[in-house]
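The values are calculated or read from the model by the stated rules, or taken from the named source; none is laboratory data. Because the structure is a prediction, the values reported are computed rather than measured. Cβ placement follows ideal geometry from the backbone for every residue including glycine, while neighbour counts extend to all protein chains displayed.
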Amino acid sequence: MRKAMTQARPFSKYTMEAVKLLGKQIQLGRKQRRWSETELAERAGIARATLQRIEKGDMACKIGLVFEVATLVGIKLFDADSETLRGRILEADERIALLPKHIHPSRKPVDDEF
């Protein structure tokens, strides 16, 4: 019988600091709008406890929820508006279409010297 073990996934220091910064920016945006935690949580359709975790930079929060809350408090993600984001998505799709559909791991060179 296999035991389920849960380990915290290691994240780079940069990633952890970036998530913490985004959480602080969300908290700042909420307070600048004079919204309570409850009010922002209701607007986002999430529990107040989830909002508190987002504002603390909890790495386990779903990225979609974090982005939605950030958008509600006026944080521009990727320094772009919706139209610019759509253009960048199309550009990325075009570039991806030019690449191979399947990526295979590198193969060791064949040593055929006898």
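Among the candidates 20, 13, which residue alone is under 15 Å from the mean Cα position of the chain (by Cα) and not polar (S, T, N, Q)? Show your work before the answer.
Details: 13 fails: under 15 Å from the mean Cα position of the chain (by Cα).
Sole residue among the options that is under 15 Å from the mean Cα position of the chain (by Cα) and not polar (S, T, N, Q): 20.
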Open item on the list: Taking the conditions exactly as written (at pLDDT below 95 and within 26 Å of residue 45 (Cβ to Cβ)), does residue 75 satisfy them or not?
Closed with: yes
